[in-house]
Amino acid sequence: MKNYDNVVIFDHTLIRHKIAILRDEKTSMKEFRELVEEITTLMTYECLKNGVPTTEIEVKTPLETCKQQVVSDNSIVIVPILRAGLGMVNGIHVLFPSARVGHIGMYRDEETLEPCEYYCKLPKGIEEKLVLLVDPMLATGGSACDAIKLLKSYGCKHIKFMAIIGAPEGVSKVAEAHPDVNIYVSTLDRCLNENGYILPGLGDAGDRLFGTK
Ligand code: PRP
Ligand code: URA
């Protein structure tokens with residue numbers, strides 16, 4: 001895959017360790033859900049290391065008063081792409097407990113692999129916020145591209161997209177369609193199979209999170 005200025009592939013030892021367990025077909029639904037949350041927290045920590053909106057407050061220590069920067073919780077909106085993105089929300093809420101949540105419902109047509117939007121509910125004022133769009137799987141990139149297009153149609157200007165596993169095809173597609181969006185992927189897999197599943201991947205993230213298979 002080409003290098004893109006707007007793409008970060010984490011490739012972090014701790015995250016790789018957790019992804020190895022996540023991939024395992026024997027991993028239980030409970031453990032899968034917990035791992036998705038933990039990986040998301042680690043990703044968020046990295047992804048926001050320079051870009052968290054802050055406000056200045058005065059703190060009185062036992063010795064003197066000083067100005068300090070604190071995170072503005074309400075300047076971030078989490079937007080999961082349903083269903084599987086839901087599994088990542090708590091992993092961000094651990095760090096930003098009062099971040100509001102918008103929802104975008106998309107499913108892939110099994111034949112065409114084209115995304116179909118079926119739901120959208122976003123918090124008021126989202127256009128002024130930093131939007132963290134999340135979905136564990138970035139396969140063809142169709143769902144992420146459409147979700148970003150939708151967010152932009154609501155006026156969102158600051159969007160970061162986080163996916164746990166990405167296929168090179170999908171990462172390139174989103175990076176080229178939306179050069180103004182920062183894309184964070186924990187690990188880049190080999191390719192897609194003929195049904196649009198990521199190889200080696202982890203199977204269907206929604207089914208594994210919610211036990212629907
Ligand atoms: C999965 C996944 C992404 C999408 C990725 O959702 O959670 O949203 O596929 O594929 P793409 O990059 O090719 O668009 P799915 O359509 O299976 O819906 P679900 O989460 O409701 O199971
Ligand atoms: N959606 C998934 O859940 N898994 C894949 O491998 C591709 C799309």
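The values are calculated or read from the model by the stated rules, or taken from the named source; none is laboratory data. This structure is a prediction, so every number in the text was calculated from the model and none was measured. Cβ atoms come from the backbone with ideal geometry, glycine included; neighbour counts cover every protein chain shown. For accessibility, only protein heavy atoms count, side chains too; no ligands or nucleic acids. Shrake-Rupley method; radii C 1.70, N 1.55, O 1.52, S 1.80 Å.
Quick notes
- Cross-chain or 6+ apart pairs with Cβ under 8 Å, region 54-67 first and touching a residue at least 12 places away in the same chain (Cβ under 8 Å), then surrounded by fewer than 10 Cβ atoms within 10 Å (Cβ to Cβ) and in a strand (DSSP E or B): Glu56/Lys67; Ile57/Lys67
- The sole residue among Glu169, Glu128 that is under 18 Å from Ser75 (Cβ atoms) and acidic (Asp, Glu) is Glu128.
Quick grid of which residues meet (1) farther than 30 Å from Glu176 by Cα; (2) in a loop (DSSP other than H, G, I, E, B); (3) β-branched (Val, Ile, Thr):
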| position | (1), (2), (3) |
| --- | --- |
| Val8 | no, no, yes |
| Arg16 | no, no, no |
| Val36 | no, no, yes |
| Thr41 | no, no, yes |
| Glu46 | no, no, no |
| Leu63 | yes, yes, no |
| Cys66 | yes, no, no |
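- Region 136-160 - residue that is closer than 24 Å to Gly196 by Cβ and open to solvent by 20 Å² or more (accessible area, probe 1.4 Å) and, of those, nearest to ligand 2 (Cβ to nearest atom): Met137
- Residue match in region 183-200 (condition: assigned to a loop (DSSP other than H, G, I, E, B), within 13 Å of ligand 2 (Cβ to nearest atom) and aromatic (Phe, Trp, Tyr)): yes
- Filter result for Ala177 (away from ligand 2 (no atom under 16 Å from the Cβ), farther than 19 Å from Ile78 by Cβ and among the hydrophobic types (A, V, I, L, M, F, W, C)): yes
- Residues of region 89-115 that are within 14 Å of ligand 2 (Cβ to nearest atom) and either closer than 15 Å to Lys149 by Cβ or within 16 Å of the chain's Cα centre (by Cα) (or both): Met106, Glu114, Pro115.
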